[in-house]
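Undergrad: Just dropping this structure here.
Just so it is clear, none of the values below were taken in a lab; they were calculated from the coordinates. Quick caveat: nothing in here was measured; it's all calculated off a predicted structure. All Cβ positions, glycine included, derive from the backbone under ideal geometry; neighbour counts span all protein chains shown.
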Amino acid sequence: MSSNPEIFKKLIKAEAKNLGFCLIGISAPQELNHYSKYQNWIQTGKNAGMTYLASKTALEAKIFPPALFPDCKSIISLAAQFPNPNQYQNATGTQPTSGILASYALGTDYHEILMQQMTLLMTSVIDRTGNEVKWMSAVDTLPMAERELAVQAGLGWIGKNGMLNTLEYGSTVFLSEIMLDLALPPDEPQSKDFCGECNLCVDACPTHCILPDRTLDANRCLSYLTIEHRGEIPSAFHEVLGERIFGCDTCIVVCPWNQKSKSEPRIQALFPESLTNQLDIKTSLPEIIEHFHRYFQHSAIRRAGKVGFLRNCLIRLANAQTANADQLMDEIVSRFPHPDIIKYYAVLSNKDSRDNKKELE
Ligand code: SF4
Ligand code: SF4
């Protein structure tokens, strides 16, 4: 039984790798130096409808993580790989009645899996060392500055699209954190920017929502609009959504670090069984309508909500402009006559409005 922090750290790192995490690093709790950037992001409304990110707790915790866990003496940052969208590109084209899903959502819901893995990690190391350690874990479940913490822990740098990017796995990683009341020797922060002169993600973003300070204007980001946003999606974004029905992988796909990154499905549950990022709306429709929460019980897609997800499906089907897709739109509204769905359907099935789409500025 050992309380030696060096030994504890070695065991944590070895066990995290055994459990399928691909990168792990440690930082000491400190004030993170992105305060003015974050504050400006909130004050200029770039957080869109994510008002929870502007709460007093969120503001405090984003800058100083121990605001959430006052006993915090170390923070473990963990990365686990998700499917690289470059491997899921559809060579044959998408069916007019299918839609494209963000690659991170192809496997089992990462919140569920990574929370389990972190619990296994901590209980295993605590059992082996005999240390009495208090800890608290998060995977997008607390307002942690997960990317800044990952930089502090040496996992990677923040790319121009605002995502954490890593030399080994590009940006196809989920981040999670464990705060603990044991002071562990911190790792070296990553101080280099490996984006260099590259600007591919900024140029490729279909809505030009990537800002010069490496943040996003969520109001214009297709990931935000299809996942977090409640209510109508402004018509200016309909055409640009194309075949997407949940999230957007464009800035991930074009990044050179994702084109040469290793793909190691070490936590199998985070990867799908088949190599496709398409959902056949037609086949899935009865389950989506009757049992949305059960059907997506173990999927991050649940986050969009039933009305939001069907709204996305309607836009995709309207974009297909085929008789089959139009028929499926009719079927959605007749089987699920929710007031919002009726409203979206009316806008999307109106030929005049289809032909006179507003241009995205
Ligand atoms: S997810 Fe899509 S819309 Fe959002 S920043 Fe990336 S490319 Fe742009
Ligand atoms: S595409 Fe280029 S600029 Fe964008 S994150 Fe990747 S390396 Fe950086």
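Undergrad: Relative to the longest principal axis of the chain, what angle (0 to 90°, nearest 10) does the C-alpha long axis of helix 339-348 take?
TA: 60 degrees
Undergrad: Let me ask something else. What ranking do 247-255, 138-146 get when scored by the average of other Cβ atoms within 10 Å per residue, highest first? Show your work: numbers first, answer last.
TA: Working: 247-255: 23.0, 138-146: 19.9.
Those peptides, ordered most packed to least, come out 247-255, 138-146.
Undergrad: Something else: Sorted by packing (mean other beta-carbon atoms within 10 Å per residue), highest first, where do 21-34, 117-130 land? Walk me through the intermediate numbers first.
TA: On the way: 21-34: 19.4, 117-130: 16.6.
Most protected by this proxy first, the peptides run 21-34, 117-130.
Undergrad: What is the spin-label model distance, in nm, from residue 274 to residue 294 if the labels are put 7 Å beyond Cα along the C-beta direction?
TA: 2.2 nm
Undergrad: Next question, about the same structure. Under the Karplus relation 6.51 cos²θ - 1.76 cosθ + 1.60, θ = phi - 60°, what is the ordered set of whole-Hz ³J(HN,Hα) values for segment 237-251, x standing for Gly and Pro?
TA: Result, rounded to whole Hz: 9, 4, 5, 5, 5, x, 9, 6, 10, 7, x, 8, 9, 4, 6.
Undergrad: Count of lysine pairs in segment 251-359 with Cα atoms under 28 Å apart, counting only pairs 8 or more residues apart in sequence or on different chains?
TA: Counting lysine pairs in segment 251-359 gives 11.
Undergrad: Suppose every Lys and Arg Cβ carries +1 and every Asp and Glu Cβ carries -1, with no other charges. What dipole size does segment 17-150 come out with about its Cα centre, to the nearest 20 debye? Write down the numbers at each step before the final one.
TA: Numbers: 9 positive and 10 negative charges, 52 e Å.
Roughly 240 debye for segment 17-150.
Undergrad: Can I ask one more? For the chain, take the longest principal axis of its alpha carbons; what is the angle in degrees between that and the long axis of helix 323-335, to the nearest 10 within 0 to 90?
TA: The answer is roughly 70 degrees.
Undergrad: I've got another one for you. Starting from the amide H of residue 48, placed 1.01 Å from N in the peptide plane, find each other amide H under 5 Å away whose residue is 5 or more places distant or on another chain.
TA: Sorted by chain and number, the residues that satisfy this are 218, 219.
Undergrad: What residues have an amide H closer than 5 Å to that of residue 108, excluding those fewer than 5 places away on the same chain, when H is modeled at 1.01 Å from N in the peptide plane?
TA: Amide H to amide H, under 5 Å and 5 or more residues apart or across chains, residue 108 pairs with 270, 271.
Undergrad: Follow-up. Non-local amide H neighbours of residue 82 (under 5 Å, H modeled in plane, Pro and chain starts lacking H): which ones?
TA: For residue 82, the qualifying residues are 173, 174.
Undergrad: Sum -39500 (n - 2.57) across every DSSP H segment of at least 4 residues in the chain, then divide by the residue count to get the 222 nm mean residue ellipticity, nearest 500. Mind showing how you got there, number by number?
TA: Details: 15 runs with 139 residues, N = 361.
Taken over the chain, the calculation gives -11000 deg cm²/dmol.
Undergrad: What spacing in nm lies between the two simple spin-label points modelled at residue 323 and residue 31, each 7 Å away from Cα in the Cβ direction?
TA: Distance between the two pseudo-spin positions: 6.8 nm.
Undergrad: Any idea what angle helix 306-320 forms with the longest principal axis of the chain, computed on alpha-carbon atoms, 0 to 90 degrees, nearest 10?
TA: Between the helix axis and the principal axis of the chain, the angle is about 50 degrees.
Undergrad: Next question, about the same structure. Quick one: length gained pulling residue 239 to residue 44 fully straight, 0.36 nm per residue minus the C-alpha distance? Working shown, then result.
TA: On the way: separation 195, 0.36 × 195 = 70.20 nm, distance 2.64 nm.
Gain on extension, residue 239 to residue 44, equals 67.6 nm.
Undergrad: Could you grab the relative contact order for segment 92-221? Cα pairs under 8 Å, six or more apart, rounded to a whole percent. Intermediate results must be reported in sequence, preceding the final value.
TA: Values: 133 pairs, mean separation 30.5, N = 130.
It comes to 23 percent, rounded to a whole number.
Undergrad: Under a 10 Å cutoff between Cα atoms, tell me which one of 94, 44, 276 has the largest fluctuation in the Gaussian network model of the chain.
TA: 44
Undergrad: Next up: In whole Hz and in residue order, list the ³J(HN,Hα) couplings for segment 27-40 that follow from phi through the Karplus curve 6.51 cos²θ - 1.76 cosθ + 1.60, θ = phi - 60°; x for Gly and Pro.
TA: Here the 3J(HN,Hα) series is 10, 8, x, 7, 5, 8, 8, 9, 4, 5, 5, 5, 4, 5 Hz.
Undergrad: Could you calculate the contour length gain from residue 55 to residue 213, that is, 0.36 nm times the residue separation minus the distance between their Cα atoms, to one decimal place in nm?
TA: Working: separation 158, 0.36 × 158 = 56.88 nm, distance 2.21 nm.
Difference between extended and current length: 54.7 nm.
Undergrad: Using the Karplus curve 6.51 cos²θ - 1.76 cosθ + 1.60 with θ = phi - 60°, what ³J(HN,Hα) values do you get for each residue of segment 48-56, in whole Hz, with x for Gly and Pro?
TA: 3J(HN,Hα) across segment 48-56, in whole Hz: 6, x, 7, 5, 4, 6, 9, 5, 4.
Undergrad: What percent do you get for the relative contact order of the chain when only Cα pairs under 8 Å and 6+ apart count? Kindly include the intermediate steps, with their values, before the conclusion.
TA: Numbers: 629 pairs, mean separation 86.8, N = 361.
After rounding, I find 24 percent.
Undergrad: Given Cβ point charges of +1 (Lys, Arg) and -1 (Asp, Glu) and nothing else, what value in debye, to the nearest 20, does the dipole of segment 224-270 about its Cα centre take?
TA: Values: 5 positive and 6 negative charges, 63 e Å.
The dipole magnitude comes to about 300 debye.
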